[in-house]
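As structure tokens, the structure follows; a few thoughts come after it.
The values are calculated or read from the model by the stated rules, or taken from the named source; none is laboratory data. Just so you know, these numbers come straight off a predicted model, no measurement behind them. Here the Cβ positions follow ideal geometry from the backbone for every residue, glycine too, while neighbour counts run over all protein chains shown. SASA here: full protein model, heavy atoms, side chains in, ligands and nucleic acids out. Shrake-Rupley method; radii C 1.70, N 1.55, O 1.52, S 1.80 Å.
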Amino acid sequence: MAVSSGGGGVLRPLAADGSPTGPPERAADLAAEIAARERAQPPRWVWSAGRLHYPRLLRAGVRISQCHDLELVESLLLGHAARHGEPRSLAAAYARVRGVAVPDDVPDAGPAAQPSLFDATGAGTAAEPGTGSAAAAAEDIDAVVAVHRDQVRRIAAAEHPGRMALLAAAESAGGLIAAEMAHHGLPWRADVHDRLLTDLLGPRPGGGGRHGVGLRPRRLQALADEVVAAFDGRPVNPDSPAQIVRAFRSAGVTVASARSSVLRDVDHPAVAPLLEYKELARLHAAHGWAWLDTWVRDGRFRPEYIVGGVVSGRWATRGGGALQIPKVLRRAVVADPGWVLVVADAAQLEPRVLAALAGDEAFAAAAAHGDLYAALADAFGGARDKAKIALLSAMYGGATGDAISLLGVLRQRFPAAAGYVEAAARAGEAGRVVRSRLGRTCPPPSPTWRERVSGPSGGAVARSRGRFTRNFVVQASAADWALALLAVARRRLADLASPAPAAERPHLVFFQHDELIVHTPKEHADAVVAAVRAAATEAGQLVFGPTPVVFPLEIAVVDCYADAK
């Protein structure tokens, strides 16, 4: 598919190897043509970037079943070749295919600034193939076809082509899901949010410019005054770490920094109000009234998700902080009348992923139980907390104190599991790259790293990278599973209540690392729970193949997100 301005575009059928099976077909109304083909027999659409095209389709009431997102897949393939950070747009990928100079990616200003590709009055832009004029659309379809065929070839040449193909499909599905979640939005009660802020901070401050920025709410000002009083009237700005450190020094107390973790061990009357001030100030700055004005519209929080925004494959967001919703504000996430929230959280995901990755039979058998740490406790004298410490030390490195001996027990009882992450650490220390289960690849070391590793502190530098690669293989593989979970859950949810209009069906509205939320009519809640549980099992089989490891989900059906856990 190549999109042009004026609502039209060009379609061309492709074979599995990416070769064309028919001539280009012009569509005057591309959204209507896509909708018609989805109703008849949904194809797998190939397009330059779902982030550009899919929001417009969703606004037109068109949902697609599956796609191949050239931009997302190009990023995966560049990473697999240890070429992280190179331009990934259709224009850049097409330039690489032709062997010409590769243009930089155009900075993304967000969905509001994107051209109206499916609007009849849209102006489009010639900066990106796939978004140019109708006259250039035939050229654009050649770019789409050529890049797709090249990506199919590179996937087939990957270390594990089947896994890489699955990763490309899952990442592309993630692009669809991200757009759909932004379209549907997370139900959010602005009145409840305002009331929570008022209870914690006092009334919303007035004046001080737009949103009252620059003025402290009443509770914050009271705490700031308590801090000053605790330092015998010495003027101290609690927002200034340097002033806090100097104030303590003047009071005869030496502190390394103004961090909360440091201050908690200090015996001084200023500590209590300072710690409370820091906590409330963070809430006010990150999710206060200014956030509410900016991000909540018509009862919905609509963040812009960035698929694979973190090198491990985890998602990020562009503004809004959707992946860090404070617990205190979850009370504002409330289902619509007659609807509920199905909140699913993967239990002890990363240790289970390690068990599946390593193929350690004893470890995998333990991971077949509900509470993995409890199942491993017998190896540590029946102490669940010691089993947890040992596993976290194995995955994250940097073991100290009791963790060193506990890690030794883990190596003895579960040598394959311990050996898997230690092999990844040795690869990192040696400057090699490591991959997730499906093929997502960590960045190679920089030239600066190679210089430092040969210097006097080279051992510490190497070990630091080893800790990164040790964790990467587990965290990135957990991201593989979570992405597969999302893709499978989306497909299964689409089958529920299918005769009903799309707006009245269950839909995903939130995703955070290993947690998802489905907003659903209450009568479909049980079916949604069953679909999500089945998706977790299917995702485990897709990513890891036959394994005794189970991936249980803790699922709650609630009216309010705060009641889920």
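A few comments on the model shown:
- For the chain, the longest principal axis of the C-alpha atoms and the axis of helix 384-396 are separated by about 60°.
- Dipole of the chain computed with +1 at Lys/Arg Cβ and -1 at Asp/Glu Cβ about the Cα centre; of Val147, Pro521, Gly381, farthest Cα towards the positive end is Gly381.
- Of the beta bridges in the range 1-117, as assigned by DSSP with both residues counted there, near 60 percent are antiparallel.
- Whichever lysines have a C-alpha closer than 18 Å to that of Lys565, once near sequence neighbours (fewer than 8 apart) are set aside: Lys327
- Residues in the range 520-529 carry Karplus couplings, in order, of 9, x, 4, 5, 9, 4, 5, 5, 5, 4 Hz; the curve used is 6.51 cos²θ - 1.76 cosθ + 1.60 with θ = phi - 60°, and Gly or Pro positions show x.
- Contour excess over end-to-end distance, with Cα ends at Arg246 and Ala534 and 0.36 nm allotted per residue: 97.9 nm
- Of interest is the spacing of the C-alpha centroids, which for the range 321-381 and the range 2-24 amounts to 42 Å.
- Here the range 221-241 is scanned for amide nitrogen atoms under 18 Å from the site 7 Å beyond the Cα of His268 along Cα-to-Cβ, giving 223-241.
- Counting only Cβ charges, +1 for Lys and Arg and -1 for Asp and Glu, the dipole size of the chain around its Cα centre is about 940 debye.
- Rounded to 10°, Cα long-axis angle of helix 30-40 versus longest principal axis of the chain: 80 degrees
- Area of Ser393 that stays accessible when all protein chains are in place (1.4 Å probe, Å², to 10): 10 Å²
- Percent of Cα pairs in the range 135-282 per distance bin of 5 Å, from zero to the largest separation: 2, 8, 11, 11, 9, 8, 7, 6, 6, 7, 9, 9, 5, 3, 1, 0.
- Using a probe radius of 1.4 angstrom, the carbon and sulfur fraction of the accessible surface of the chain is 52%.
- Rg over Rh [alpha-carbon atoms, Kirkwood Rh] for the range 332-476: 1.09
- For the range 455-528, size of Cβ-based charge dipole, Lys and Arg +1, Asp and Glu -1, in debye: 520 debye
- Size descriptor, Kirkwood hydrodynamic radius, that averages inverse alpha-carbon separations across the range 4-101, Å: 14.9 Å
- Between helix 458-494 and the chain: long-axis angle, C-alpha atoms, 0 to 90°, nearest 10: 50 degrees
- Size of charge dipole - the range 328-368 - debye, nearest 20, with Cβ of Lys, Arg +1 and Asp, Glu -1, no other charges: 260 debye
- Kirkwood hydrodynamic radius of the range 28-80, from inverse mean 1/r over distinct Cα pairs, in Å: 11.9 Å
- Entry for the range 438-480 at q = 0.22, 0.25, 0.31, 0.34 Å⁻¹: log10 I(q)/I(0) = -0.73, -0.83, -1.04, -1.14, Debye formula applied to identical alpha-carbon scatterers, no solvent contribution.
- DSSP beta bridge pairing in the chain, given as percent antiparallel to the nearest 5: 90 percent
- Note on the chain: dipole from Cβ charges, positive end direction compared against Leu90, His507, Phe301; the farthest Cα belongs to Leu90.
- Directionally averaged projected area (convex hull, Cα atoms, the chain), nm²: 30.0 nm²
- 1.4 Å probe accessible area per residue over the chain, in Å²: 44 Å²
- Ellipsoid equivalent to the range 279-324 - semi-axes via the Cα gyration tensor, in Å: 22, 15, 6
- Placing R0 at 30 angstrom, the Cβ-Cβ distance between Val100 and Arg37 gives a FRET efficiency of 0.35 after rounding to 0.05.
- On a per residue basis, the convex hull of the C-alpha atoms belonging to the range 409-565 measures out at 164 Å³.
- Since only Trp339, Gly174, Ala251 are under comparison, the one whose Cα sits farthest along the positive direction of the charge dipole of the chain, derived from C-beta charges on Lys, Arg, Asp and Glu, is Ala251.
- Orientation-averaged projection of the range 235-322 equals 8.2 nm² [convex hull of Cα atoms, one quarter of hull surface area].
- Report note on the peptides 218-225, 535-542: ranked by the mean count of other C-beta atoms within 10 Å, highest first, their order is 535-542, 218-225.
- Working note: 222 nm ellipticity from helices only, DSSP H runs with n ≥ 4, each -39,500 (n - 2.57), summed and divided by the residues of the chain, gives -15500 deg cm²/dmol to the nearest 500.
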